[in-house]
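The block underneath contains the structure these notes are about, expressed in C-alpha cells.
The values are calculated or read from the model by the stated rules, or taken from the named source; none is laboratory data. Remember, it's a predicted structure, so these values are computed and weren't measured experimentally. Cβ coordinates were reconstructed from backbone atoms using ideal geometry, including for glycine residues, and neighbour counts include every protein chain displayed. Side chains are part of the model used for accessible areas, which takes the heavy atoms of the whole protein and leaves out ligands, DNA and RNA. Shrake-Rupley method; radii C 1.70, N 1.55, O 1.52, S 1.80 Å.
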Amino acid sequence: MTRHVVVLGAGTAGTMLVNKLRRRLDDTWKITVVDRDDAHPYQPGFLFVPFGGPTDDLVRSRHAFVHDGVELVLEAVDRVDVAAQEVLLLDGRLLPYDYLVIASGVTLRPDQTPGMLGPEWRRSIFDFYTLDGAKALATALRGFRRGRLVVHVTDVPIKCPVAPLEFTFLADDWLRRRGLRSHTELVFVTPMDGAFTKPVASERLGSMLSDRDVVVEADFLVERIEGRSLVSYDGREVPFDLLVTVPLHMGAEFVTRSGLGDELGFVPVDKHTLQSTADPRIFAVGDASDIPTSKAGSVAHFSVDVLVDNLVELAAGRPMTHSFDGHANCFVESGDRKALLLDFNYETEPLPGTFPVPYVGPMSLLKESRANHLGKLAFQWVYWNVLLPGRPIPLAPAMSMVGKQNPVSTS
Amino acid sequence: MPVTTLEGHEVHVDAEGFLTDLSEWDDELATVLAAQIGLTLTDEHRAVLTFLRDDFAQRGETATLRRASAGSGVSVKDLFRLFPQKPAKKMAYVAGLPKPVGCV
C-alpha cells in the first residue's frame, strides 16, 4: 500500500525536507511537494540589491532542486481538509495525505497598514524583502540626494529579524561612500523597545547605531501612513523622504482558511517537534510555524534535520524521539565589508565566541569581522549547491556552547 | 538574579525589574506591580493580563500587542489607553512576564 507525505511549499524548508526525506523513506512512501510557482528565490541576496548588488542568480527554477523521486505540483492551495486528510488545490485536484507538512513561509502584507499601498508606494515607500521591491529601491537610492531616510519594521515576527539593521548599516556605508551621509538623517523605527533587546547583544552592539549617527525611534507601532509620515497608535509621527519598510508578515492565506493558523496565519506547533497543536498528522516547518525563534533559513535547515528524523520514525510506526532546540545562526552585514555572526537557540541568547570550530573560528560570534562577511558571501554557493539538494554539511542541528563566552551572569 | 521586596512581596527580578520567576506572580502582586508604574488595575486591564499569562503558559513567549489585542478582544488603541506610552513593555511587566524581545 502506498502512503503519502504532502509538503506545501517548495521554498528553503520544503525543498530541503523533501530531498532529505526521499533518501530516507522507501518506495511505499510517495512524496509530493506543492508550490504555486516555479521561482525559488535566494532571499539573503535581496539585501545587497538596493546598493547595486547583483540580481542575476537570485532566482532559480524550483524543479532544478527537487529530487527526481519527488513529485512537484505547481498549483496554489485552496485549503486543507483536516478531517478528510486531504489538500484541495485551486484547480480542484485533491491530494490525500498520511502526513502533511506546511512549509508555505510568510507573505508580506503591506495592505494591512492603512496608507502603505497608497500613492507613495514604490515612489517614496519601498520594501527590500521582495526582489521587485529591492530593485525599485535601488533606482530610488540612485536618485537620492538628501533628506530623511527611515528604516521601519511594522511588527514582529519578521523574516531574518536582523535584516533591517543590516540594511541600516549598509545604507550608512553606501551614503558615506557617495558623500551623502552628512545630508541624510538616518532613522531606525522599531516596535520593540530598542534595536537590540537581548542583554549581551545590547551591551556589545548597542553603540553600533549611535556610532553611525542613526536615530532610533523605539516602541513605535505604526497605525497608518499619512502622506510621507508614519503615524503610531499613540499619535507619534515620523516623517520621511524615503521610507524603507518591512511590511507586516502573515502566513499563507490557505492556512487561515483551513482553520490551522493563529491571528497572523502562522501554524501553532509544538516548538520541539513542529507538530501542529490542532492535528498530529500535520507539521509546520520554516517560517510558516509559530515557533519562538527567528524566521531564518538557518532555523529552517536545523529544524528540517530534526523533522526528517521524526517523520522517519513515525513512518516506521515508532514514536518521535528527536527534539528541536530553536537553533539559529545568522550573519549580520555591518558595512565596510564586515559582518557579525549570531548563534543562539530557545534558551541561549547570542553570545561572543568563535564559529564553527570552538576557539579557532575562523568566524567570530557577536563581533564585526572580514571573515564573517566573506562567510556571508560564500553562503550563496552553499545554499544552491549543498543545502537545497539536501547534501550533508558538517553542522549539527543542535546549538553548541563550546567556544562561547557568557560575560553576563544570568543565574 | 536580584531579589527585591515590593510592599511585602519578595520577588526575583532582572536588571529592568521584570519578574524572572513566573510562579511568584498573583493577582495581588499584579496590583502592586501596576502601582509601581502608576496604573490602577480595572477589569479591562485584568482581561488583558489573563490572556497574556495563559498565552505565555502555552507558547513560552510574551504576546505582541497585535496578538494580545486579537486574543483579549481589546483593541490596540485601547491597549495604548490602558497601558499608556509603552504598552507592550508595561503589559509584560504587570503580568510578571519577560518583556518582548527580538533575536539580538
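With a length cut of 15 Å (Cα positions projected on each helix's long axis) and a Kyte-Doolittle mean of at least -0.5, go through chain A and give me the DSSP H helices that pass.
Working: long enough: A:12-24 (19 Å, -0.55); A:131-142 (17 Å, 0.47); A:163-177 (21 Å, -0.14); A:297-315 (26 Å, 1.03); A:370-382 (18 Å, -0.13).
Within chain A the helices that satisfy the rule are A:131-142, A:163-177, A:297-315, A:370-382.
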Share of antiparallel DSSP beta bridges in the protein assembly as shown, in percent to the nearest 5? 55 percent
Rounded to a whole number, the Stokes-Einstein D of the protein assembly as shown in µm²/s (Kirkwood radius over Cα pairs; 10 °C; 1.306 mPa s) is 66 µm²/s
Number of partner chain Cβ atoms within 10 Å, mean per residue of A:361-374: 0
Do any residues of the range A:222-270 lose at least 40 Å² of accessible area when the full set of protein chains is present rather than just their chain alone, and if so which, with a 1.4 Å probe? A:233, A:234, A:263
At R0 = 25 Å, FRET efficiency that the Cβ-Cβ distance of residue B:58 and residue A:83 yields, to 0.05: 0.60
Report Rg/Rh for the range A:339-411, rounded to two decimals, where Rg is the Cα radius of gyration and Rh the Kirkwood radius. 1.00
Here the whole-number average of other chain Cβ atoms within 10 Å per Cβ of B:94-103 is 6
Which residues' amide hydrogens lie under 5 Å from the amide hydrogen of residue A:353, considering only partners 5 or more residues apart or on another chain, with H built in the peptide plane? A:365, A:405
So, for the protein assembly as shown, what is the accessible surface per residue at a probe of 1.4 Å, expressed in square angstrom? 41 Å²
5 angstrom amide H check on residue A:266, placed H, neighbours 5+ away: A:251
To the nearest 0.05, the calculated FRET efficiency linking residue B:28 and residue A:385 through their beta-carbon distance, R0 being 60 Å, is 0.50
Accessible surface of chain A, 1.4 Å probe, proportion on carbon and sulfur as whole %: 51 percent
Straight-line reach from residue A:271: which lysines fall under 17 Å, measuring Cα to Cα and dropping same-chain residues less than 8 apart? A:295
Rg to Rh ratio, the range B:3-95, alpha-carbon atoms and Kirkwood radius? 0.94
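With only Lys, Arg, Asp and Glu charged, each at its Cβ (+1 for the first two, -1 for the last two), find how big the charge dipole of chain A is about the Cα centre; round to the nearest 20 debye.
That gives a dipole near 1280 debye.
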For residue A:185, residues with placed amide H under 5 Å, excluding near neighbours: A:147, A:148, A:149
